[in-house]
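Have a look at the structure below, then the notes.
The values are calculated or read from the model by the stated rules, or taken from the named source; none is laboratory data. Note that the structure is a prediction, hence the values are computed from the model and not measured. Every residue, glycine among them, receives a Cβ derived from its backbone with ideal geometry; neighbour counts consider all protein chains shown.
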Amino acid sequence: MPILVTGGAGFIGSHLVDRLVNGIKTIILRYANVVGPRLRHGVVWDLINKLRKNPNELEILGDGKQVRSYIYIDDAIEATITAWKKQTTTTKYTT
């Protein structure tokens with residue numbers, strides 16, 4: 001089971017769909033961090049704003065071992081459409 005609350009919620013949601021939609025084709029796409037030109041919150045947004053305020057100094061939190069996956073909005077849209085078109089059974093994808 002995932003450690004993060006949001007990961008746990010997605011995990012539980014996936015299993016609920018498995019149990020509740022018996023016999024109906026479903027697709028579950030769980031994108032972690034979608035970025036793009038209209039981004040207005042999150043780690044990337046905060047990083048950009050910190051650099052705008054002071055381009056000579058950037059405070060980085062954590063121990064440097066954190067890993068995050070990002071997907072650009074256009075790629076997320078393309079992946080969603082592709083998954084929908086190719087779906088044959090209940091399927092789950094996580095970025």
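Sort through GLY42, GLY36 and tell me the only one that's under 21 Å from the mean Cα position of the chain (by Cα), within 30 Å of ALA83 (Cα to Cα) and free of Cβ contacts under 8 Å to residues at least 24 places away in the same chain.
Numbers: GLY36 fails: free of Cβ contacts under 8 Å to residues at least 24 places away in the same chain.
Just a single option satisfies the conditions, and that option is GLY42.
I'd like the full set of residues that are surrounded by 10 or more Cβ atoms within 10 Å (Cβ to Cβ) and of a type in the set (Val, Ile, Thr), limited to the range 59-75.
ILE71, ILE73
Looking at the range 1-86, what helices (runs of 4 or more DSSP H) fall wholly within it and have at least 1 residues that are at pLDDT below 80 and of a type in the set (A, V, I, L, M)? Full working, then the answer.
Working: elements: 5-20, 43-53, 73-86.
By residue number, 5-20, 43-53.
Name the pairs: first residue in the range 53-79 and farther than 27 Å from ARG30 by Cα, second residue outside any loop (DSSP other than H, G, I, E, B), Cβ to Cβ under 8 Å, at least 6 apart or on different chains?
That search, which allows pairs on different chains as well, returns LEU58/LEU47; LEU58/LYS50; LEU58/LEU51; GLU59/LYS50.
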